[in-house]
1. Which one of the conditions (1) assigned to a helix (DSSP H, G or I); (2) more than 10 Å from chain B (Cβ to nearest Cβ); (3) surrounded by 14 or more Cβ atoms within 10 Å (Cβ to Cβ) does residue A:118 fail to meet, given that it meets all the rest?
2. Residues of segment A:140-155 being open to solvent by 10 Å² or more (accessible area, probe 1.4 Å) and small (Gly, Ala, Ser), which ones?
3. Output the residue which, of all residues in segment A:171-222 that are of a type in the set (Asp, Glu) and over 24 Å from residue B:82 (Cβ atoms), is modelled with the lowest pLDDT.
4. For segment A:67-112: of the residues being among the charged types (D, E, K, R) and within 10 Å of another protein chain (Cβ to nearest Cβ), which is nearest to residue B:113 (Cα to Cα)?
5. Within segment A:251-268, which residues are assigned to a helix (DSSP H, G or I), open to solvent by less than 40 Å² (accessible area, probe 1.4 Å) and within 7 Å of chain B (Cβ to nearest Cβ)?
6. Quick check: is even one residue across segment A:172-180 open to solvent by 90 Å² or more (accessible area, probe 1.4 Å) and either under 27 Å from residue A:95 (Cα atoms) or in contact with a strand residue (DSSP E or B) (Cβ under 8 Å, 6 or more places away or on another chain) (or both)?
7. Which residues, taken from segment A:67-110, are among the hydroxyl-bearing types (Ser, Thr, Tyr), open to solvent by less than 10 Å² (accessible area, probe 1.4 Å) and closer than 19 Å to residue B:107 by Cα?
8. Would you check if residue A:59 is within 22 Å of the chain's Cα centre (by Cα) and either open to solvent by 20 Å² or more (accessible area, probe 1.4 Å) or closer than 16 Å to residue B:107 by Cβ (or both)?
Amino acid sequence: MRYRFYFCLSLFLLIYISVWPDGVSAQISPKNKEELISDYRYELEQYRDKQRVFELDKAEYAKLRTLVSRDKAVFSTKALLTARATTLKSYVLVLDHILNNTQGVDTKELERVNAFMVSTIEILDKHLSELEPVQDQFVINQVAAKFEQSIETVLAAEYYPLMLISIGRIQSTADQVYIARIDLERNYIQAVPDTESKKALLLRGLVDLDSQISKTNEYINLAWQQYYDTKVKMTSRDRYQNVVTQLQSAYSSISNTLNLMSQIEQQI
Amino acid sequence: MSMPITDQSSFNQFQENLQSPPLDPNKKPSRFTKKHKIAVGVGGLLFMLLILLAAIAPKPAPVPEPEIPVVVVPPIVSTNTSEFSKRLIELQAQLVAADPAEVEVLPPPVALEISL
């Protein structure tokens, strides 16, 4: 009896060890960015189709007020709400993929925003399961109204990842531009003999370069301030717009830095 | 009166037979002795231990590649800046990709309030 037990235990361990790594890797999303974007665009197109049908059926029901037209309108409302939830879900999945593959994203904020996305997916799944059995006009309006209470969470799951992606990309580029500026000085400008008047000119160019880099950092800090600003109550969408405005300035400043760096490099 | 004389050895045999369990006349004697059974048990334990060790044993470290001798290159002087130009072009491309106004996918323009 005891030997059988050992044999079974050994067999179980063997099978578990060989299967376990696949089990973990299977949890990772198998789709790449392009596939996720393609899924999202498809769902958005479906939503648009359903919206056109919904508008027509709703108008028909408002005009005729018959039982048949009401059932038709309930059916198309349900289809539209389902398509909206599916579209929003596919969009959050795209953002999740892009955000978690963007360099320079603040780790602490990444965790917080990931939590927004997870709770939004849960809200959308729950909404979809509530919609499934609905056949009645009153109930469908109730389910739709219930979802509207979670709109701000859904918007946060859309706009906070976008803010982090935008800040992360600009920050990452700014960091690399700064490294290039150090290399320019160390490997090129310092190599120019002190006796040449050209060197003084190049060093003056570096001062202008530093001024641009400093401006870039300032704009990125302002973008973070807008991101964190909780004093002014605003929607996630408005907050995103404010962050983008600051990042546009940082973008221009980095562009100026690169142009200046190119001019300096040509003078060497 | 003298006591009856008894055979002591046959009496001991009788006692042993009384203490041992009744023998099944149909049961065939086992081919495996106690030593065999112990050997199989120890073998099984060793096999299990081997599997456990294989599971928890750290992966062998990759064989270090032969070290490439470090060649000290003097800093690039004056006009030889083509590498840096390429780097600037790459950074420019990276900046264009990071344009905050040009995100790959903006939030879907869906109606957030729908009712019949």
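1. (3)
2. Hits for segment A:140-155 are A:145, A:150.
3. At the first step, the residues of segment A:171-222 found to be of a type in the set (Asp, Glu) are A:175, A:183, A:185, A:194, A:196, A:208, A:210, A:218.
Going one step further and asking which of them are over 24 Å from residue B:82 (Cβ atoms), we end up with A:194, A:210, A:218.
Numbers: A:194: 82, A:210: 96, A:218: 97.
In this case the residue turns out to be A:194.
4. Here is the first cut: in segment A:67-112, the residues among the charged types (D, E, K, R) are A:70-72, A:78, A:84, A:89, A:96, A:106, A:108-109, A:111-112.
Among the residues that remain, those that are also within 10 Å of another protein chain (Cβ to nearest Cβ) are: A:70, A:78, A:84.
Details: A:70: 19, A:78: 13, A:84: 11 Å.
Checked segment A:67-112; the qualifying residue nearest to residue B:113 (Cα to Cα) is A:84.
5. A:254, A:255, A:258, A:261, A:262, A:265
6. Scanning segment A:172-180 turns up no residue that is open to solvent by 90 Å² or more (accessible area, probe 1.4 Å) and either under 27 Å from residue A:95 (Cα atoms) or in contact with a strand residue (DSSP E or B) (Cβ under 8 Å, 6 or more places away or on another chain) (or both).
7. Narrowing segment A:67-110 to residues among the hydroxyl-bearing types (Ser, Thr, Tyr): A:69, A:76-77, A:82, A:86-87, A:90-91, A:102, A:107.
Checking the rest, the ones that are also open to solvent by less than 10 Å² (accessible area, probe 1.4 Å) come to A:69, A:76-77, A:87, A:91.
Residues satisfying the conditions are A:87, A:91.
8. no
The values are calculated or read from the model by the stated rules, or taken from the named source; none is laboratory data. Fair warning: this is a prediction, and the values are worked out from it, not measured in the lab. Here Cβ is always computed from backbone atoms with ideal geometry, including for glycine, and neighbour counts include all displayed protein chains. For accessibility, only protein heavy atoms count, side chains too; no ligands or nucleic acids. Shrake-Rupley method; radii C 1.70, N 1.55, O 1.52, S 1.80 Å.
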